[in-house]
Amino acid sequence: MIFPPAARSVVLSFLVLFVVIGISPAKSQEDVAPLPTETLIVRSGDNEHTFIVEVASTDRQRARGLMFREEMAADHGMLFVFEGEGERFFWMKNTPLPLDIIYIDAKGWIVSIAADTTPFSEDVIPSREPAKYVLELNAGLSAKLGFEPGDGVSSPSMMTE
């Protein structure tokens, strides 16, 4: 399509506006809506630790995760819920927060922990075991609270309350 010079200028101005300030004509409600939250419990030894987690259960929510977040309360995290169990691969691209990434199987048992991940890293962080859920917490919390493989995790989204 060919536009006259005046119209071309208007079209280019709108395109620049969309790109520069991030306006998307087709932004979905999911892009702007806050994620649902719920209480999650980690049972480690004789201790129970409670967190408020955001739940990422769609492809788009999981892809965004905690990207671009610069802070998170100590008792908060994000729970990624997948359809089935399988090996999971995460990375820290566009994520300024150092995190502990905790991989959890379908029964609610921690199978592996990637502690103190590096912000902005594009290195792949594998679960090394099949996982259906992934919990992200602030870096260092897993060690501080004594979390280890075999500990139990439950939440309403995990249906392991």
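The values are calculated or read from the model by the stated rules, or taken from the named source; none is laboratory data. For clarity, every value in this text was computed on a predicted model and none was experimentally measured. Ideal geometry is used to build each Cβ from the backbone, glycine not excepted, and the neighbour counts take in all protein chains shown. To get the accessible areas, we keep the full protein, side chains included, count just its heavy atoms, and leave off ligands, DNA and RNA. Shrake-Rupley method; radii C 1.70, N 1.55, O 1.52, S 1.80 Å.
Observations on the model:
- If the chain linking L145 and A63 were pulled fully straight, counting 0.36 nm for each residue of separation and taking away their Cα-Cα distance, it would gain 26.8 nm.
- Ordered from largest to smallest accessible area (heavy atoms of protein chains, 1.4 Å probe), the residues D59, D116 come out as D59, D116.
- Net charge over other residues, Cβ less than 14 angstrom from the Cβ of A106 (K, R count +1; D, E count -1): -2
- Gain upon complete extension [T37, T50; 0.36 nm per residue less C-alpha separation]: 3.4 nm
- Per residue value of the accessible surface for the range 72-144 (all protein chains in place, 1.4 Å probe), Å²: 46
- Surface composition of the range 50-160: carbon and sulfur make up 51 percent of the accessible area, probe 1.4 Å.
- Peptides 141-152, 103-114, ordered by how many other C-beta atoms sit within 10 Å of their residues on average, highest first, read 103-114, 141-152.
- Using θ = phi - 60° and Karplus 6.51 cos²θ - 1.76 cosθ + 1.60, couplings along the range 39-51 (whole Hz; Gly, Pro as x): 8, 10, 10, 10, 9, 10, x, 8, 9, 10, 10, 9, 10
- Rounded to whole Hz, the Karplus (6.51, -1.76, 1.60) HN-Hα couplings of the range 105-115, x for glycine and proline: 7, 5, 8, x, 9, 5, 9, 6, 9, 9, 8
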